[in-house]
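The values are calculated or read from the model by the stated rules, or taken from the named source; none is laboratory data. Just so you know, these numbers come straight off a predicted model, no measurement behind them. Because the Cβ atoms are built from the backbone with ideal geometry, glycine has one as well, and the counts that use them run over all protein chains shown.
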Amino acid sequence: MTSSKCAQCGLVNFMGAGECKRCGGALPEAPYGAPWVEEEEERPARRSVLRKVLAGIGLSAFLLVVWYVSLLETSQAADYDQRQQVGRAVRLVGDAGLGRDAFLLGRLANYRTNDNWWNAWVGHGEAYAAANFPFEIVTLYPDFFLHPTDDTERAVILLHEAKHLAGAGEEEALRAVWRDKWRLGWTREKYGHTRVWRNVSELTRRHVPALFQCGPDGRQNCEE
């Protein structure tokens, strides 16, 4: 609320008063579009924008929930024995000092054993597992339970998916797993003969060739 000052006695009167409350002198009329009028008009406009923003956020949250539920409804949950294998592998990730990855895998991830509609629509090549970010859904394919030689190799596979659960792309996930594999005790000396080692190393070499440009010939593993 603004005010009007009397030119005769100097008293400050409320805006809109026709005469001075002290001396009775005439006061100038408020000009068209006075600030107090503009302020009253701006407030509803700001409230309207805020309502639109909140409505947009609410709609986005609703759609995300519907999408998430649809992914669960179109896939099958891991059974008890499968969850036990996953649990042992996740504990190895935590014991290796990879706390954030273990938290994502152990607390947030929802494990399924067949493709949901999104995975089926997008498609994928041969894989041990797949992750849906930001819904924190991990799909474990039959090869995840069949080919790894032990829980350590399953931990390596899950570590890769943990990177995707955190929003990493394929190259970043492969780089991180190849860098941290020693933490899990997954080394060439122990596992260089396994199928999982061959698959992961070939995939990493293809997507992150810079990790294999060391040694006298420039073709050796830089992490060993």
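List the residue pairs whose Cβ atoms are under 8 Å apart, where the first residue sits in region 195-224 and is in contact (Cβ under 8 Å) with a residue 60 or more places away in the chain, the second is in a helix (DSSP H, G or I) and among the hydrophobic types (A, V, I, L, M, F, W, C), and the two are 6 or more positions apart or on different chains.
Between residues of region 195-224 that are in contact (Cβ under 8 Å) with a residue 60 or more places away in the chain and residues that are in a helix (DSSP H, G or I) and among the hydrophobic types (A, V, I, L, M, F, W, C), the close pairs are Val196/Val156; Val196/Ile157.
Residues that are over 22 Å from Gln82 (Cβ atoms), at pLDDT below 95 and loosely packed, with under 15 Cβ neighbours inside 10 Å: does region 114-121 have at least one?
To start, the set of residues in region 114-121 that are over 22 Å from Gln82 (Cβ atoms) comprises 121.
Narrowing further to those that are at pLDDT below 95: 121.
Filter again for loosely packed, with under 15 Cβ neighbours inside 10 Å, leaving 121.
Within region 114-121, one or more residues are over 22 Å from Gln82 (Cβ atoms), at pLDDT below 95 and loosely packed, with under 15 Cβ neighbours inside 10 Å.
For residues that are of a type in the set (D, E, K, R) and more than 14 Å from Ala127 (Cβ to Cβ), scanning just region 164-185, find the one that is surrounded by the fewest Cβ atoms within 10 Å (Cβ to Cβ).
Kept after step one, since they are of a type in the set (D, E, K, R), are these residues of region 164-185: 170-172, 175, 179-181, 183.
Subset that is more than 14 Å from Ala127 (Cβ to Cβ): 171-172, 175, 179-181, 183.
On the way: Glu171: 11, Glu172: 15, Arg175: 19, Arg179: 13, Asp180: 19, Lys181: 24, Arg183: 15.
Checked region 164-185; the qualifying residue surrounded by the fewest Cβ atoms within 10 Å (Cβ to Cβ) is Glu171.
Table: residues versus (1) hydroxyl-bearing (Ser, Thr, Tyr); (2) surrounded by 10 or more Cβ atoms within 10 Å (Cβ to Cβ); (3) out of contact with any strand residue (DSSP E or B) (no Cβ under 7 Å at 6 or more places or on another chain); (4) modelled with pLDDT of 65 or more.
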{"residue": "Asn13", "(1), (2), (3), (4)": "no, yes, no, yes"}
{"residue": "Leu27", "(1), (2), (3), (4)": "no, yes, no, yes"}
{"residue": "Trp36", "(1), (2), (3), (4)": "no, yes, yes, no"}
{"residue": "Glu40", "(1), (2), (3), (4)": "no, yes, yes, no"}
{"residue": "Arg51", "(1), (2), (3), (4)": "no, yes, yes, yes"}
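Tally time: how many residues in region 53-98 are outside any helix (DSSP H, G or I), in contact with a helix residue (DSSP H, G or I) (Cβ under 9 Å, 6 or more places away or on another chain) and either loosely packed, with under 15 Cβ neighbours inside 10 Å or aromatic (Phe, Trp, Tyr) (or both)? Give the steps one after another, and end with the answer.
In the first step, residues of region 53-98 are kept if they are outside any helix (DSSP H, G or I); the result is 74-79, 96-98.
Subsequent filtering for residues that are in contact with a helix residue (DSSP H, G or I) (Cβ under 9 Å, 6 or more places away or on another chain) retains 74-75, 77-78, 96-98.
Okay, now just the ones that are also either loosely packed, with under 15 Cβ neighbours inside 10 Å or aromatic (Phe, Trp, Tyr) (or both), so 77, 97.
Going through region 53-98 one residue at a time, the tally reaches 2.
Of the conditions (1) in contact with an Asp or Glu (Cβ under 9 Å, 6 or more places away or on another chain); (2) more than 12 Å from Tyr111 (Cβ to Cβ); (3) not in a helix (DSSP H, G or I); (4) not polar (S, T, N, Q), Val138 clears all except one; give me its number.
All conditions are met except number (2).
Look through Leu203, Leu158 and report the one residue that is under 21 Å from Asp81 (Cα atoms) and not in a loop (DSSP other than H, G, I, E, B).
Details: Leu203 fails: under 21 Å from Asp81 (Cα atoms).
From the options Leu203, Leu158, the qualifying one is Leu158.
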